[in-house]
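Chemist: First, the structure itself, so that you have it in front of you.
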Amino acid sequence: MSPVSTLKTFEDIDCTFPKTLQEALELMADEKTRGVPLAGGTDLMVQWESGALPMPERVINVKSIPELREISEADNEVVIGGSVTHMELRQSSAVRRAVPSLAEAAATIGGFQIQIMGTLAGSVANASPAGDLAPSLLITDGTVTLAGVRGEREVKLTEFWKGYREIDRQPDELIVRFRLPRLPEGHYESWRKLGARKAQAISKVMGSSRGRMKDGVVSCFKVALGSIAPTAVRLYDVEQWIVGQPIHDETLKEAEQRVADAVKPIGDIRSTAEYRKWVSGRLVRLFLEELAARSG
Amino acid sequence: MSTKAKASKRIPRVGQGVARLDADEKVRGLAEYADDLQVPDAWYGYIVRSPVSHGRLRALTLDPDYDWSRIVVVTPDDIPGENIVDMMGRDMPFIAHDEIQYRGEPIALVAAPTRKQAREAAAHVRADIEELPPLLTLGEMIDRYKRDPSELHELCAQTIRKGDAERALEEAELVVEGEYRAGHQEQLYIEPQGMVAVPEKDGSVFIHGSMQCPYFINPELCVTLDLPPEKIRVKQSAVGGAFGGKEEFPTLLAGYCALLALKAKRPVKIIYDRHQDILYSTKRHPVWSRYRTGLDKDGTIRALCVEYVLDGGAYTTLSPVVMYRGILHAAMGYRCDHVWVDGYVFRTNTFPSGAFRGFGAPQAVWGLESHVDDLAKACGMTPHEFRLRNALREGDVTPTGGVLRHSVGSPAVLTQTVERSGFVEKLSRCSHGRVSDGKWYGIGMSFFAHGAGFTGDGEARFKAKVALDLEPGEDGWPVVLVRASSTEMGQGTFTILPQVAADGLCIDLNRVRNPYPDTKYVPNSGPTVASRTAMVVGSTVYGAAQKMKKQLEEYVTREFTGGQAVQLVDGQFLTADEKVAMTFEEAATHHFQHRGPLRVYDQFRLPDYLQWDQKNFVGDAYPSYSWGCNVAEVEVDPRTLEVNVLKVTGVYDIGKVLNPVLAKGQLEGGLVQALGYAVMEKIEIKDGLFDASRMQTYVIPTTLDIPEFDLDFVEFPYEFAVPGAKGVGEIPMNGLGPAIANAVEQATGVRMRELPITPETLFAAMTRGASGPLLRTGTA
């Protein structure tokens, strides 16, 4: 009688390191070689160790695949490979120009070790409501490109997160890149994260906005918050309402109230539902104040 | 060999900020922590735990489909001695056999060749448990306490009675009441708990691992293993932080390892990972306190009535002494003729609460110093005026009737902190939650003492013993070895004790070593707790060093100078006319060759005037006190209610400062731990277990959260324990919580009565609208 092995550890995982995207996609195409895509592992390894996710049989490490590690700028967008790390996001001048709030958000994730290991695709695929990069991606109205051996597929980021820890990805697909429309002339972005301490905190509430003021009124405003719903969310109703309004005490109050009314957060180990609801409104108010101040 | 000594002026070793003597092995990674110990053929131990919080264990069975041939299982039947942990109360079994009192309580132990196999085997032990209703939280406990305390299981209780506080309360012009709470706090030392037990051929057991108190483990294992003391040897490995978390808990781990090792007939090692360590090790006792204070309008305190209630968790363990220290600090620091304090510890069905830096005092000072700000307000006085008016001074009487005869750093710490921090001017700038464009600013203070050494007559009864060995070192040159059971856990014991020894002997510090304590070689200087090491063990080492100095001087006089007296000064024996007779090294080497190594002992003594009545809590509660005052400045962001602690000013009297660099390190580190307790560290009970059971969820301050520190010492040496240190380890933990709460009130207008103070609790307090600005959505 041999021991019934009930326990798996990291040593039991079969880990493959494909050198090219094509090689990775072929491994993913066949059920016999397919594995969990690993792009840094800063979220997955914690969940495997804690038992929140079952220890996988196989892992395909996609972090070092050259095609997934590029950042390039086009006329009106920045294209970021899935395996670009948080550290690269915060340090890239292209990202800072095109989506400044994304670079700022990346700089607040974990400590340096996590920022060097963790990646954009990894964070997006982990699909935690507290994923700090999601709001900045959402406000760009950009897309994510997935690839399989059959070809590529482009999905709007605003439609990519389907629910709590759920994304629109087929089992054989890999996230390869993000196409994010750049911040237009005269527009400004804001980012704010509330955590239990000044660094290495998991967000209680965080958010980003992108907007513009013209002729004394808001001409464009996009805002997304995280950690207040099963996924990060755009606040379309509030966005629509504020467009065409001037920013003064009364409209700020109204915006704050509308946000607080719109969100339905839960309470958990990091914060309470009541505080999250209230502070969501405060954050959006803060973003609008910053927009007004910057727009002079 | 008689040359004239160059400068025979004595170089002091004490009071110098010398570099840590253990720095080298630690920065080079040479220090061996428990998990670094190479133990050939060691198996790994794992603990089978109760899945329920309260119940009756009906049966324990081993899964018949599992291969147990390479697994050792220990149940209560395998315990050679008593199945009782020999701590206070003697109510905790080593392995539960009948009633289960908390989720995670050990119900069996297993060992296997690998960690993985041990964990796996533990999952194949099946327990049949009849569940009983549990009591899980401080909140439920206090609800019952207020309704009817007889609904609770009392682990221990004690009162202090000075004067007639109830009557004085009735006669007072003003009465102020307040309730205060704080939850568990986790020590979160860097190195998790770890221990190894090695069964020796002669039937003895060798325990080696991470611990604060080697001599706690010996007597306990005698009871559990039914072995005589000489059959149990305990040695400390390098320790990566402890903070009280390795005071009593390692005794349990040593027992688990030893029981498994004796049955497996091979070494057994248990190393907790962080998750296990947080779930299944001791925390700071949660507290609820209620103050009722009688005042005259001029600010005189007439009566202090305090209820101080701790959540002890499932068993008594050290709770009585934690509560004693708590009640002795709950009304300490101010003149008052009528003081009644009632202390209780009740059971909840959670992991037993235990030792943590401050040991009941931070919980007490949290309530008292928050309350004192309310008292000042009630009399229309500022926080510093009120404290200065009432603070105890030399010659005053404590709540237990002890007289503060010597070494009283009050009110010096108070006046100096007020001045240094610019408190008076800054107090006038506080925001009080009034609407402004920027952030809300507040400043607050706290004033506190900390009893040095064991509570009551503990030190007088215990009589700490140390030895010094003079023997040839590894380089052939003579070395003096400090032989004490006092441990280094990061705080600096292995530096300050050699400093004191070098000072007492008047030799160079590089001739002194402090090896890791091993009960085979060291006398019992007591546990490394209670801020006692610098005062109690330090002064005893000094006494031993002076004895050794005298013996060597006599030796040289006898053997070399023909009866002409010599004095050992800075490593040289000098005659009366300042001629160098010989060096310390020469004399010691001669001694080795002709007489062998030299060992001297000394024992701690206290002045006879100290009196303590343990039953009635009357007399000198501590031989002496350290004193401190904190001023905290905070900024609260009205947009988010985030509390940012900007600056902490503190002046402390810890007696003679033995090493100012290490002492300041203790202050800063302790204040950061107190900052976490005040505004961050939150851990609650969910389904019977600690909810924030990983570093991901248990949030402690990072370097970015650390405020500006302005810290200083004012020295009132304790003359009965030369060189005069009192204690620095715990006092930094005592006062920062209330100083921050008082500052938050000045900033926001809201009095916070529970720690930690977070944006969530501030929001809840403000929207309840009981006090301060009503903060609704849409206002700023």
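The values are calculated or read from the model by the stated rules, or taken from the named source; none is laboratory data. Only a predicted model underlies this, so the values are computations on that prediction, with no experimental measurement involved. For neighbour counting, all protein chains shown are included, and Cβ atoms are generated from backbone atoms with ideal geometry for every residue, glycine included. Quick note on the areas: whole protein, heavy atoms, side chains included, nothing else; ligands and nucleic acids left out. Shrake-Rupley method; radii C 1.70, N 1.55, O 1.52, S 1.80 Å.
Chemist: Looking only at the range B:116-134, which residues are within 14 Å of another protein chain (Cβ to nearest Cβ) and either surrounded by fewer than 18 Cβ atoms within 10 Å (Cβ to Cβ) or among the charged types (D, E, K, R) (or both)?
Modeler: B:LYS116, B:ARG119, B:GLU120, B:ALA123, B:ARG126
Chemist: Scan the range B:588-602 residue by residue and report those that are outside any helix (DSSP H, G or I) and not small (Gly, Ala, Ser).
Modeler: B:PRO597, B:LEU598, B:ARG599, B:VAL600, B:TYR601, B:ASP602
Chemist: Checking A:GLY142 against (1) out of contact with any Pro (no Cβ under 7 Å at 6 or more places or on another chain); (2) surrounded by 13 or more Cβ atoms within 10 Å (Cβ to Cβ); (3) among the small types (Gly, Ala, Ser): exactly one of these is not met. Which one?
Modeler: Single failed check for A:GLY142: (1).
Chemist: Can you confirm whether B:GLN551 is closer than 18 Å to B:PRO478 by Cα, in contact with a Leu (Cβ under 9 Å, 6 or more places away or on another chain) and not hydroxyl-bearing (Ser, Thr, Tyr)?
Modeler: yes
Chemist: Give the residues of the range A:245-275 that are crowded, with 17+ Cβ neighbours inside 10 Å, under 29 Å from B:GLU681 (Cα atoms) and more than 9 Å from chain B (Cβ to nearest Cβ), sorted by residue number.
Modeler: A:VAL263, A:PRO265
Chemist: Tell me, yes or no, whether the range B:489-496 has at least one residue that is more than 18 Å from B:GLU25 (Cβ to Cβ) and β-branched (Val, Ile, Thr).
Modeler: So far as the range B:489-496 goes, no, none of its residues is more than 18 Å from B:GLU25 (Cβ to Cβ) and β-branched (Val, Ile, Thr).
Chemist: Enumerate the pairs (first residue in the range A:202-223 and assigned by TED's automatic domain parsing to the domain that holds A:GLY110; second residue anywhere and open to solvent by 10 Å² or more (accessible area, probe 1.4 Å) and among the small types (Gly, Ala, Ser)) with beta-carbon separation below 7 Å, excluding pairs fewer than 6 apart on the same chain, so at least 6 apart or on different chains.
Modeler: none
Chemist: Suppose the filter is part of a strand (DSSP E or B) and open to solvent by 40 Å² or more (accessible area, probe 1.4 Å); does B:ASN630 pass it?
Modeler: Here the answer is no, as B:ASN630 does not meet what is asked.
Chemist: Got a number for residues in the range B:640-661 being crowded, with 22+ Cβ neighbours inside 10 Å and not hydroxyl-bearing (Ser, Thr, Tyr)?
Modeler: 13
Chemist: Just one of (1) buried (at least 24 other Cβ atoms within 10 Å of the Cβ); (2) within 27 Å of B:HIS590 (Cβ to Cβ); (3) among the aliphatic types (A, V, I, L, M); (4) out of contact with any Asp or Glu (no Cβ under 9 Å at 6 or more places or on another chain) trips up B:LEU552, so point out which.
Modeler: Result: B:LEU552 fails condition (1) only.
Chemist: Among helices (runs of 4 or more DSSP H) lying entirely in the range A:1-100, which contain 2 or more residues that are more than 30 Å from A:ARG192 (Cα to Cα) and either away from chain B (no Cβ under 14 Å) or open to solvent by less than 60 Å² (accessible area, probe 1.4 Å) (or both)?
Modeler: In the range A:1-100, the matching helices (runs of 4 or more DSSP H) lie at A:21-29.
Chemist: For the range B:135-173, give me the residue count where each residue is open to solvent by less than 50 Å² (accessible area, probe 1.4 Å) and over 13 Å from B:CYS305 (Cβ atoms).
Modeler: Going through the range B:135-173 one residue at a time, the tally reaches 13.
Chemist: Sort through B:ASP77, B:ASP24, B:ASP35 and tell me the only one that's within 28 Å of the chain's Cα centre (by Cα), part of a helix (DSSP H, G or I) and closer than 27 Å to B:ALA264 by Cβ.
Modeler: When all the criteria are applied, what remains is B:ASP35.
Chemist: Of everything in the range B:672-699 that's at the interface with another protein chain (Cβ under 10 Å from one of its Cβ atoms) and surrounded by fewer than 19 Cβ atoms within 10 Å (Cβ to Cβ), which residue is nearest to A:GLY110 (Cα to Cα)?
Modeler: Checking each candidate, the answer is B:GLN696.
Chemist: Which condition number in (1) part of a loop (DSSP other than H, G, I, E, B); (2) touching a residue at least 40 places away in the same chain (Cβ under 8 Å) is the one that B:LEU568 fails?
Modeler: (1)
Chemist: On to the next question. Which residues, taken from the range A:281-296, are touching a helix residue (DSSP H, G or I) at 6+ places or on another chain (Cβ under 9 Å) and within 10 Å of another protein chain (Cβ to nearest Cβ)?
Modeler: A:GLY281, A:ARG282, A:LEU283, A:ARG285, A:GLU289
Chemist: Tell me, please, whether a residue that is in contact with a Gly (Cβ under 7 Å, 6 or more places away or on another chain) and closer than 28 Å to B:LYS297 by Cα can be found in the range B:151-162.
Modeler: Yes: the range B:151-162 contains one or more residues that are in contact with a Gly (Cβ under 7 Å, 6 or more places away or on another chain) and closer than 28 Å to B:LYS297 by Cα.
Chemist: For B:ARG532, state whether it is buried (at least 24 other Cβ atoms within 10 Å of the Cβ), in the same structural domain as B:LEU21 (by TED's automatic domain parsing) and of a type in the set (D, E, K, R).
Modeler: yes
Chemist: So for the range B:270-287 (the condition being in contact with a helix residue (DSSP H, G or I) (Cβ under 7 Å, 6 or more places away or on another chain), surrounded by 24 or more Cβ atoms within 10 Å (Cβ to Cβ) and in a strand (DSSP E or B)), does at least one residue qualify?
Modeler: yes
Chemist: If we keep just the residues of the range B:754-780 that are modelled with pLDDT of 50 or more and open to solvent by 50 Å² or more (accessible area, probe 1.4 Å), which is nearest to the other protein chains (Cβ to nearest Cβ)?
Modeler: Top of the filtered list is B:THR767.
Chemist: Would you confirm whether or not the range B:105-112 contains a residue that is open to solvent by less than 50 Å² (accessible area, probe 1.4 Å), part of a strand (DSSP E or B), within 14 Å of chain A (Cβ to nearest Cβ) and in contact (Cβ under 8 Å) with a residue 60 or more places away in the chain?
Modeler: The answer is yes, given that some residue of the range B:105-112 is open to solvent by less than 50 Å² (accessible area, probe 1.4 Å), part of a strand (DSSP E or B), within 14 Å of chain A (Cβ to nearest Cβ) and in contact (Cβ under 8 Å) with a residue 60 or more places away in the chain.
Chemist: Among the residues of the range A:188-215, write down those that are more than 14 Å from every other protein chain (Cβ to nearest Cβ) and open to solvent by 30 Å² or more (accessible area, probe 1.4 Å).
Modeler: A:TYR188, A:ARG212, A:MET213, A:LYS214, A:ASP215
Chemist: Can you tell me which of B:VAL728, B:VAL648 is out of contact with any Ser or Thr (no Cβ under 8 Å at 6 or more places or on another chain) and touching a residue at least 40 places away in the same chain (Cβ under 8 Å)?
Modeler: After ruling out the rest, the residue left standing is B:VAL648.
Chemist: Here is a follow-up. Residues to consider are B:ARG605, B:ARG639; find the one that is within 24 Å of the chain's Cα centre (by Cα), outside any strand (DSSP E or B) and charged (D, E, K, R).
Modeler: B:ARG605
Chemist: Just to be sure, is B:GLU668 over 30 Å from A:GLU256 (Cβ atoms), under 25 Å from the mean Cα position of the chain (by Cα) and within 11 Å of another protein chain (Cβ to nearest Cβ)?
Modeler: Judged against the criteria, B:GLU668 is not a match.
Chemist: Select from the range B:700-721 the residues that are in a loop (DSSP other than H, G, I, E, B) and within 7 Å of chain A (Cβ to nearest Cβ) and write down the one among them that is nearest to B:GLU394 (Cα to Cα).
Modeler: The extreme case among them is B:PRO701.
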